[in-house]
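The values are calculated or read from the model by the stated rules, or taken from the named source; none is laboratory data. The model shown is predicted, which means the values in this text are computed figures rather than measured ones. Here Cβ is always computed from backbone atoms with ideal geometry, including for glycine, and neighbour counts include all displayed protein chains.
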Amino acid sequence: MLRKTMIATTLSLLATGAMAENPMVGGAEMLESKTIVDNAMNSPIHTTLVAAVVQAGLVDTLKSEGPFTVFAPTDDAFAMIKKDSLNSLMMDENKDQLAKILTCHVVSANAMSDAIAGMIADDDGNHPVPTVGGCTLAAKMDGDKITLTDENGRTATVTTADVKQSNGVIHVIDRVMLPKQ
């Protein structure tokens, strides 16, 4: 009887995804079987990012096969941008500029944090990360955390790493990266 109960419990946990190794993001479960967009839509701390991805017309791209690594800024990261500037970026006439900013957070590879840390070590502590948006981020280590610095000197920290997706991986960051200005 105990064995049947244990098997039933295990199957139930597997069916609900409760045994998933993926980290929670904003208290929400992230499922490896979902795409980057689907999981971001489930994250309560990525509502601005999701709205921006929709506005920029990047939903289909980030739902495609990939693989992609997305450095995903939180709502708090977007809140560091002046409200008027953010509102302007979200306007139809600035769609291309918004897409450029967002694609500066995307790499066309599935780069887990241990691989990024290895590349940083191999490059004497400073690894260039070319993005699909044409930006180059500088990846470094700050203790056991990965940091990214954009071409303007703005630095973000990876606060949650290795959130696996069906088409890549998300690393949550605490600042929006911007193209060279």
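See the values below:
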| read-out | value |
| --- | --- |
| Subset of segment 104-124 [touching a residue at least 60 places away in the same chain (Cβ under 8 Å) and either closer than 18 Å to Thr160 by Cα or of a type in the set (Asp, Glu) (or both)] | His105 |
| Residues (in contact (Cβ under 8 Å) with a residue 40 or more places away in the chain, closer than 11 Å to Ala52 by Cα and of a type outside the set (A, V, I, L, M)) located in segment 74-99 | Phe78, Lys95 |
| Segments classed as helices (runs of 4 or more DSSP H), wholly inside segment 45-116, with at least 2 members that are surrounded by fewer than 16 Cβ atoms within 10 Å (Cβ to Cβ) and among the β-branched types (Val, Ile, Thr) | 47-55 |
| Residue in segment 63-74 that is among the hydroxyl-bearing types (Ser, Thr, Tyr), modelled with pLDDT of 95 or more and over 19 Å from Asn22 (Cβ atoms) present | yes |
